Amino acid sequence: MELVKNVVCPFCGTLCDDIICKVEDNEIVGTKNACRIGHSKFVHAEGAERYRKPLMRKSGELVEVSMDEAIDKAATILAESKRPLMYGWSCTECDAQAVGVELAEEARAVIDNTASVCHGPSVLALQDVGYPICTFGEVKNRADVVVYWGCNPMHAHPRHLSRNVFGRGFFRDRGRPDRTLIVVDPRKSDSSKLADIHLQLDFNKDYELLDAMRAVLLGHEILYDEVAGIPREKIYEVVDALKNAQFGILFFGMGITHSRGKHRNIDTAIMLVEDLNDSAKFTLIPMRGHYNVTGFNQVCTWESGYPYCVDFSTGTPRYNPGETGSNDLLQNKETDGMMVIASDPGAHFPQKALERMAEIPVIAIEPHRTPTTEMADVVIPPAIVGMETDGTAYRMEGVPIRMRKVVDSGLLPDREILKRILKKVKEIKAASK
Amino acid sequence: MEHIIKNGIVYDPLNEVNGEQMDICIKDGKIVDSVSEDANVTDASGQIIMPGGVDPHTHIAGAKVNVGRMIRPEDSKKDAESLAGIKRAGSGFSVPSTFMTGYRYAKMGYTTAMEAAMPPLLARHTHEEFVDTPIIDHAAYPLFGNNWFVMDYLKEGDLDKCAAYVSWLLKSTKGYTIKIVNPAGTEAWAWGGNVHGINDPAPYFDVTGADIIKGLAEVNEMLGLPHPIHLHCNDLGHPGNYETTLASFDIPKGIKVNPKHGSREAVLYATHVQFHSYGGTNWRDFVSEAPKIADYVNKNDHIVIDVGQVTLDETTTMTADGPMEYDLHTLNGLKWANCDVELETGSGVVPFLYSPRAPVPSAQWGVGLELFLLVNDPGKICLTTDSPNAGPFTRYPRVMAWLMSNRYRTDMIENKIHKWAQRKTSIATLDREYSLYEIAQISRSTPAKVLGLSDTKGHLGVGADADISIFNFNPETQDPSADYMAVEEALSNASYVFKDGEIVVKDGAVVNIGIHGRTYWVNSLYDAELEKQVEAEVEKVFKQYYSVNFANYPVQDEYLPRSNPVNGVME
């Protein structure tokens, strides 16, 4: 058995890079340091059906085809669609994403990633009011006040708390006892159980609570006994803790980006953090889900100028979330050909979007059998990044780490598949001119 | 492949060629004595020939640059380009996307540009963007001025260990020089504070800006680096900061210059000095102290500066000076991005509108031009706008035209901008006009020399890289002083640009991407034993206080498609 060290986990945005993989006969058979979710990804836990050959739907059934045939078909779908959509990108590495943006330009497609149904509202908010963040190490070394708002890291980012809250830092050498942990969540969760203060607010009242906190911070009094189900005195107490922080951090997740108010919630949360810097040092970090969802937003921004929802239909990048988002294009029945890569909208998109996906040709570049591949006309299985191939990923707050290759699958990496499709699309476009 | 460029009027200050008509021969990407008769001929009759431009300080790639793009879709919307032939699409006026950055530098005849601030932990990001930046050669400057290891070693007075650490970090991040930004101040910002002046210590670490500047200046020469320390002084943008600036300039004076590559004479490179030349105590009684700063530069030979000229545009400010960006945000109320980077540095991004109708930006415009016009030797001053901080790099041709034409400046002062330019600065009394030779100095030879790259960059002598710009402006029949719009137009759209001997721009349009630009980085080995010992110390600290593993920290070779190491000391 061989031990491979310093492996980077291709699961969540915490991007732990201290995993040790136990390898036997070119198979990962065990891990050390990984959380249970990361571990099960590495060892292919039961239930995951892996594709190893390209497939195409013929007479309703997915049948094995040659790689060339699958690439030709994928390229033809993209080149011949009037309004192609290229969605996903968050579970692959940055080189693949970069080829993807070039392919979107060539195919005059709309390119969008999972942020569209995830931290998209956070992107809109940071474009409104700013983005004061820090890296994880700053939290570990300095933070004495840690807030998790609308997220449950114990389940979704299992090592997040151990690395950032329980971890002993330079100026916080006792770790957890040196910090005040505040969890804001309408539910009792395994994260809220660990908190010093749990603000169990009413559903969909995040905006009201944030606004009340800002008002208190700016010196106003609360005129009601409670706001969002939280007693006035409790709000005073929490604001006091926040503004007396030496170094405070706000982690926020889907519970606030997708409750009522959406990006307006995040607007206010960011402005709360900005206001807090009058009296304290305060920063924030969005709890990004997929391990490289951040990477796509980075790559797409440096190549096109915009982080997601980029429309290349005129050749010039255009950005208008609400019109150029994946769900907008699907639910408005605008798109007539879709490529899905490194994500599973089949499992996560609303019914109306799925209905459109069922009507149009769908390409899935995807290693496993998923609800998306069930709807696909072409399935091309790639090597899995971080296990079977290498490449860059960006941690949730933007620290880039090189993913390692641990075993050999013999499959093409995403970037190679995309390059071949790109070449073919160029040929088709040149021939039609 | 051979080329000959015939009959152009050549400005090549490093070889003391001042407006002579001569032919330039190119073979295999280099400038040579002569070529065969089969060489491709480019006729440059009646046109200016200069070496490719060299930008010693710009922000074009990396984490904060991309945050600048991401938080400002409005900046992208007003300036987008379509996919066209060999050119990729993109957008961004003040912070263009990577492809547009390469094309736009090339279009102006610039072939080398240096990213001036790279947080070591995020170095991979900067290099990833370089991979997507076409045409131009480049390098990145890692930030050292608030680094915990540096501050600890300096506090212990252990310069040897500090040098070994710097040497290791330059290699690990594939960085080019020691960049210092608001020394001690950005560490203070990690607690929400700042330092004032050079004698105010960083909290806990208890070393001052002065200690850091002095220590790193000595380390720089111990390592024999090609470029001097690259200093962004304390107190940026504060009225009255010129005293801090002059005191900072004086710190490395007397240290013996020791480059192992190149032929620089300076031990200090001070950047965007325009922002550091302010007198007064607040924005009401603010006055320009640029004459005092210029006087210091004139009297001292250990320093080269760049200006950071305000171009009077709407732009995006971005710097590792975290507290300054927060101050700016509280001043102008616009959106604020920030990123504190563990054990190393911080950064901030805030949009800014330098309105020509507003008093302060107009005065800042005057301060920058005063520096240009009052520093006598163009061998000591470089053209920058600290792009995009004081304005985007695409305005370099306009700044050059301002420098060459008193009439252009007078028109600005009298008709276009706020009267503070006259009231708060002496710009209206200065009638010096740069010659084309002097323009070639501040944009080509001076930056190339101070970067330690003047063996192959910034000149047109035999052996230089064939990076050549040709502009359709005839100095024998046209006068840049009178015909300033024509010279600005010509410099904005080169008639030809050669990069590594290939034509990449023709008639102001990118026609060829050529080969990928070089990534310059410094390879040094101060003391192999000591470097190992320091590496072991660093690894221990990593385990406890960093959030990435030591083994995953250094930038892998895959990120440098055209790696070009430049040696410092090698034991």
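The values are calculated or read from the model by the stated rules, or taken from the named source; none is laboratory data. Nothing here was measured: the structure is a model prediction, and the numbers come from that model. Every residue, glycine as well, gets a Cβ built from its backbone with ideal geometry; the counts of neighbours run over all protein chains shown. Protein only, heavy atoms only, side chains kept; ligands, DNA and RNA dropped before computing areas. Shrake-Rupley method; radii C 1.70, N 1.55, O 1.52, S 1.80 Å.
Laid out as a table, the results:
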| quantity | calculated |
| --- | --- |
| Distance in nm between pseudo-label sites at A:Lys352 and B:Asp377 (7 Å out along the Cβ direction from Cα) | 7.2 nm |
| Kirkwood-based Rg to Rh ratio, the protein assembly as shown, C-alpha trace | 0.97 |
| Debye log10 I(q)/I(0) for the range A:31-74, one point scatterer per Cα, at q = 0.15, 0.16, 0.24 Å⁻¹ | -0.58, -0.61, -0.79 |
| Calculated FRET value between B:Leu159 and B:Trp191, using beta carbons and R₀ = 30 Å, to 0.05 | 0.65 |
| Which of A:Ser59, A:Ser116, A:Ser66 is most accessible, then next, and so on - probe 1.4 Å | A:Ser59, A:Ser66, A:Ser116 |
| Mean residue ellipticity (222 nm) of the protein assembly as shown, computed from DSSP H runs ≥ 4 via -39,500 (n - 2.57), nearest 500 | -9500 deg cm²/dmol |
| Calculated P(r) tail over 23 Å for the range A:286-433, as whole % of Cα pairs | 46 percent |
| Lysines whose Cα lies under 26 Å from that of B:Lys30, excluding same-chain neighbours fewer than 8 positions away | B:Lys6, B:Lys87, B:Lys107, B:Lys174, B:Lys260, B:Lys449, B:Lys457, B:Lys499, B:Lys506 |
| Global form of the range A:1-54, assessed from the alpha-carbon gyration tensor, a/c cut-off 1.5 | oblate |
| Chain A pair-distance distribution - Cα-Cα, 20 Å bins, rounded % | 26, 53, 21, 1 |
| Rounded, prolate or oblate (a/c below 1.5 giving rounded, otherwise prolate when a/b exceeds b/c) for the range B:381-468 by Cα gyration tensor | prolate |
| Estimated D of chain B in µm² per second, where Rh is the Kirkwood radius over Cα pairs and Stokes-Einstein applies at 20 °C, 1.002 mPa s | 91 µm²/s |
| Karplus (6.51, -1.76, 1.60) ³J(HN,Hα), θ = phi - 60°, over the range A:200-212, in Hz, Gly and Pro reported as x | 8, 7, 5, 3, 6, 10, 4, 4, 4, 5, 4, 5, 5 |
| Bridge type composition, chain B - antiparallel percent by DSSP, nearest 5 | 55 percent |
| Protein-protein interface of the range B:325-350, residues with accessible area decrease of at least 50 Å², isolated chain reference, 1.4 Å probe | B:Tyr326, B:Lys335, B:Trp336, B:Asn338, B:Asp340, B:Glu342 |
| For A:Tyr148, residues with placed amide H under 5 Å, excluding near neighbours | A:Ile182, A:Val183, A:Val184, A:Phe251 |
| Inter-part distance where the range A:358-433 and the range A:1-57 are each reduced to a Cα centre, Å | 18 Å |
| Using θ = phi - 60° and Karplus 6.51 cos²θ - 1.76 cosθ + 1.60, couplings along the range B:122-129 (whole Hz; Gly, Pro as x) | 9, 4, 4, 4, 4, 5, 4, 5 |
| Too-long pairs where the Cα-Cα distance tops 21 Å, listed order kept, from A:Lys193/A:Lys234; B:Lys179/B:Lys543; A:Lys41/A:Lys193; A:Lys41/B:Lys543; B:Lys155/B:Lys179 | B:Lys179/B:Lys543; A:Lys41/A:Lys193; A:Lys41/B:Lys543 |
| Relative contact order of chain A, defined on C-alpha pairs under 8 angstrom at six or more residues apart (%) | 25 percent |
| Per residue value of the accessible surface for chain B (all protein chains in place, 1.4 Å probe), Å² | 30 Å² |
| Accessible area (Å², per residue) of chain A, counting only protein heavy atoms and a probe of 1.4 Å | 36 Å² |
| Set of lysines with alpha-carbon distance to A:Lys333 below 21 Å, sequence-local pairs under 8 removed | A:Lys82, A:Lys352 |
| Other-chain or far-sequence residues with amide H under 5 Å of B:Glu81's (modelled H) | B:Gly90, B:Ser91 |
| Carbon plus sulfur fraction of accessible area for the range B:339-471, probe 1.4 Å, in percent | 48 percent |
| Placed amide H near A:Met403: partners under 5 Å, 5+ positions off or other chain | A:Gly391, A:Thr392, A:Ala393 |
| Rounded FRET efficiency, nearest 0.05, which uses the C-beta distance separating A:Tyr236 from B:Glu489 and R0 of 45 Å | 0.10 |
| Cα gyration tensor shape for the range A:363-433, rounded if a/c is under 1.5, else prolate or oblate | prolate |
| Nearest-0.05 FRET efficiency for A:Glu416 and A:Glu2, computed from C-beta distance (R0 30 Å) | 0.70 |
| Per-residue HN-Hα couplings for the range A:107-120 [Karplus 6.51, -1.76, 1.60; θ = phi - 60°; Hz; x = Gly/Pro] | 7, 6, 9, 9, 10, 8, 10, 5, 3, 3, 10, 9, 8, x |
| Lysines whose Cα lies under 17 Å from that of B:Lys292, excluding same-chain neighbours fewer than 8 positions away | B:Lys380, B:Lys424 |
| Accessible surface of the range B:44-187 [probe 1.4 Å, protein heavy atoms]: carbon and sulfur percent | 52 percent |
| Estimated inter-spin distance, B:Val541 and B:Asn567, nm [label 7 Å along Cα→Cβ] | 2.9 nm |
| Summed buried accessible area for A+B [probe radius 1.4 Å, Å², rounded to 100] | 5100 Å² |
| Environment charge at A:Ser259 (Cβ cut-off 9 Å; Lys +1, Arg +1, Asp -1, Glu -1) | +2 |
